[in-house]
Amino acid sequence: MTIGGPGILLFIIIVLVVLVVSLFFYFIPFGLWLSAISAGVKVRIFSLVGMRLRRVRPIKVINPLIKGSKAGLDLSQNQLESHLLSGGRVDNVVDALIAAHRANMELSFERAAAIDLAGRDVFEAVRISVMPKIIVTPMVSAMAVNGIEIKAMAKVTVRANITRLVGGAGEDTILARVGEGIVTTIGSAASHKEVLENPCMISETVLNKGLDSGTAYEILSIDIADIDVGRNIGAQLQIDQAEADKQIAQARAEERRAIAFAREQEMKAQVEEMRSKVVEAEAQVPLAVAEALKAGNIGVMDYLNMQNKIADTNMREGISGMNLNLNMNPNPDKKK
C-alpha cells in the first residue's frame, strides 16, 4: 500500500509549518517579550531579533533589566548588552547596583561595569562595603631587643573602598603590610615584657602607618587576637656564637699541633742525618789509623796506648752505669 500524492504533500506542509514556527519563536522570544511588557519594561520585539542575530541570548539581558527596573534603577538595554558582549557578568553587576541603591551608596553602572571587567566581584565588594569583613593574619613571629621571641596573631577589620577597587591591591597586600607592622613594632620594643603588658601598642603603631593606602580596602581596626612568648633567640644566638668560636679555636690549635709535629719530624730527620754522618765518620777512623801506621805518622806503641785509653774509658762508663742502677734500685734481689 502506498501513500498517495495528497498525503505526502500534507506531511511536507506540516513539517514546514513546524520549522517556521520553531524559527519564529527562536528569533522572536515571545514569552520573554511578554514578561518584559508585563513588568513595565519597554522592549521592542525587533530588538530581541537583533540580539539573536548578534548571537546574544536575550534572557541574559532582559531578565537583569527587569530586575533592575523593579528595584528602581535607571538602566538601558544597550548598557547591559554592551557589558555582556564585553565579557562581563550582567547579573552580578545589576545585583551590586541594587545592593548599593538599597544602602544609599553612590555607584554608577559605568563604575560597576569597570570593576566587574577588572576581574573583581563587584557584588561582594558592595557587600563588604556595607558590612565590614574580618581578615585573620597568620601567626607572626618577631624578636624583641632583649632576644625573646614574640608570636602574635591579629584580626583586621576592613571595608571595601569602591573608588579604589580598580587598580587597588587586595587582601594579600593587607596581610603582608600588617605582618610587617607587627614585626617592626615587636622588633623595636626594648623588652618582650613591654609587648605582653601592652599589646595595643602593636595595633596603634600599625594603624598609624596607613597600611591601607593604595589598596581596595579601608582598615577600620586591628585587634591582637593572640600573643605568646616563643624561644629565647638571643641566648641561642650566643650559644651558637660560642660554639662557632670553640670550633675556630680547636681548628687553630689543631693547626699549631700539626706545625709542631712537622717541626718535630724535621728535627728527627736532621738528628738521623747527623747520626748517619757520625757513623760514617767512625767507619773512616780504622782506615785513617791504618793509613797513619803505614805512613809512619804514629807508632805501634802510640796505637796501643790509644786502645788502652779507649778500653779504660769504656770500663769507667760501665762502672758508672752500674752505680746508677744500684742507686735507683738499692735492693735488686728483693721481690716487689
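The values are calculated or read from the model by the stated rules, or taken from the named source; none is laboratory data. Being a predicted model, the structure only gives us computed values, none of them experimental. Positions of Cβ are backbone-derived with ideal geometry, glycine not excepted, and every protein chain shown enters the neighbour counts. Just so you know, the surface numbers come from the protein's heavy atoms only, side chains and all, with ligands and any DNA or RNA stripped out. Shrake-Rupley method; radii C 1.70, N 1.55, O 1.52, S 1.80 Å.
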Being under 28 Å from Ser35 (Cβ atoms) and open to solvent by less than 30 Å² (accessible area, probe 1.4 Å) narrows Val156, Val94 down to just Val94
Of everything in region 112-131, what is out of contact with any His (no Cβ under 8 Å at 6 or more places or on another chain) and farther than 17 Å from Ala169 by Cα? Give them in sequence order.
Ala112, Phe123, Arg127, Val130, Met131
Could you count how many residues in region 190-243 are free of Cβ contacts under 8 Å to residues at least 40 places away in the same chain, closer than 29 Å to Val122 by Cα and either touching a Pro at 6+ places or on another chain (Cβ under 8 Å) or not in a helix (DSSP H, G or I) (or both)?
4
Note on Ile37: of the conditions (1) among the hydrophobic types (A, V, I, L, M, F, W, C); (2) open to solvent by 60 Å² or more (accessible area, probe 1.4 Å); (3) not in a helix (DSSP H, G or I), unmet is (3)
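Can you pull out the residues in region 108-142 that are in a helix (DSSP H, G or I) and within 20 Å of Val61 (Cα to Cα)? Outline the logic, then answer.
Residues of region 108-142 in a helix (DSSP H, G or I): 109-117, 122-130.
Across region 108-142, the qualifying residues are Phe109, Glu110, Arg111, Ala112, Ala113, Ala114, Ile115, Asp116, Leu117, Val122, Phe123.
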Conditions (1) part of a helix (DSSP H, G or I); (2) out of contact with any His (no Cβ under 7 Å at 6 or more places or on another chain) -> Met105 fails only (1)
Selected residue [open to solvent by 80 Å² or more (accessible area, probe 1.4 Å), free of Cβ contacts under 8 Å to residues at least 24 places away in the same chain and under 30 Å from Val145 (Cβ atoms)] from Lys246, Lys309, Lys294, Lys277:
Lys246
Those residues of region 81-90 which are in a helix (DSSP H, G or I) and open to solvent by 80 Å² or more (accessible area, probe 1.4 Å) amount to Leu85
Answer yes or no as to whether Asn327 is modelled with pLDDT under 75, assigned to a helix (DSSP H, G or I) and open to solvent by 100 Å² or more (accessible area, probe 1.4 Å).
yes
Let me spell it out: the conditions are (1) open to solvent by less than 80 Å² (accessible area, probe 1.4 Å); (2) of a type outside the set (A, V, I, L, M); (3) in contact (Cβ under 8 Å) with a residue 24 or more places away in the chain; (4) in contact with a helix residue (DSSP H, G or I) (Cβ under 9 Å, 6 or more places away or on another chain), and Arg127 meets all of them except one. Which number is the exception?
(1)
Matching option when the condition is under 30 Å from Met105 (Cα atoms), exposed (fewer than 15 other Cβ atoms within 10 Å of the Cβ), in contact with a strand residue (DSSP E or B) (Cβ under 8 Å, 6 or more places away or on another chain) and not acidic (Asp, Glu), among Ile134, Ile174
Ile134
